[in-house]
Amino acid sequence: MNRPRTAGPVDPAAGRRVGWVAVSAFVLLAALTLWVTRPSGHLLPADASLHSWSVAHRPAPAAAAARAVTDTGTGVVPYAALFLVGMYVGRTARQRCALAAALMVCLGAGQVLRYGAMSVVARRRPPVGDWAAHASGWSFPSGHTTTAAMTAALAIAAMSLGSRGAPRFAVCVIGLWAAAVGVSRVYLGVHWFTDVLAGWLLAVGWVCLVVWVYLRRAPAVGR
């Protein structure tokens, strides 16, 4: 039986590691952005091959299942999930409400950052004739992928830093869900693989930055 953890001093090394992960993710995202915005506009081999494979191996039941998965990566579902995480992690009613609100605000701010990146890059989606789901807006980074990955990362971070800890099974399920949403965007033909990869990098960078700020302030405000 797992015992509830008690709040303790923050390990400075943990904060540095999280900070370096954030920097690394943003550097890789910048390099990927420069690559996809080259004047030549050539696709990466993975973009072309995965898109072609998806279009050629997409029976109706599989496409329907992919649409069901992809629909969970947008709208109210991610915010509802973070609300429930806040209710789970908090120890008092006030703490639960504050944490739930903070998680949803972090997700909203991350989505604003993603919208800004999409508008600046303005990358076109794959050909409309290859789509198996509705899509709108620019392609890079993938909105569904970014939202799902940010939701998963925020949820795992909140549980890991909370007094109850993060159950391994929950971490696996949450991580697999976020990955499945990203993969579904490529499978449905509405995004290139590099759009999905950019969404994952942006989510990791943003959430690690949020956690780094929290860990920097934690000794002062108390955990």
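Applying Stokes-Einstein at 4 °C and 1.567 mPa s to the Kirkwood radius of the chain, computed over alpha-carbon pairs, gives a translational diffusion coefficient of 70 µm² s⁻¹.
Highest mean packing comes first when the peptides 63-74, 143-154 are listed by Cβ atoms within 10 Å, giving 143-154, 63-74.
Would you calculate, for the chain, the mean residue ellipticity at 222 nm contributed by helices, counting each DSSP H stretch of 4 or more residues as -39,500 (n - 2.57) and dividing by all residues, to the nearest 500?
Working: 8 runs with 160 residues, N = 223.
Result for the chain: -24500 deg cm²/dmol, rounded to the nearest 500.
Karplus-derived 3J(HN,Hα) values for segment 92-108, using 6.51 cos²θ - 1.76 cosθ + 1.60 with θ = phi - 60°, are 10, 4, 5, 5, 4, 5, 5, 5, 4, 5, 5, 5, 5, 5, 4, 5, x Hz; glycine and proline are entered as x.
Computed over protein heavy atoms with a 1.4 Å probe, the accessible surface of the chain works out to 54 Å² per residue.
Please work out the FRET efficiency for the pair Arg58 and Ala102, using the Cβ-Cβ distance as r and a Förster radius of 41 Å; give the result to the nearest 0.05. The formula returns an efficiency of 0.55 here.
Charging the Cβ of each Asp and Glu at -1 and of each Lys and Arg at +1, and nothing else, the dipole of the chain about its Cα centre rounds to 760 debye. Derived from the Cα gyration tensor, the three semi-axes of the equivalent ellipsoid of segment 35-100 are 39, 20, 8 Å, largest first. Would you tally the net charge around Trp138, using a Cβ to Cβ cut-off of less than 12 Å, leaving Trp138 out, and scoring K and R as +1, D and E as -1? The answer is +3. If you look at the Cα atoms of segment 118-223, you get an Rg and a Dmax of 16.2, 55 Å.
The values are calculated or read from the model by the stated rules, or taken from the named source; none is laboratory data. Predicted, not measured: the structure shown is a model, and the values here were computed from it. As a convention, Cβ positions derive from the backbone with ideal geometry for all residues, glycine included, and neighbour counts pool all protein chains shown. Accessible surface is based on the protein model in full, side chains and every heavy atom, while ligands, DNA and RNA are left aside. Shrake-Rupley method; radii C 1.70, N 1.55, O 1.52, S 1.80 Å.
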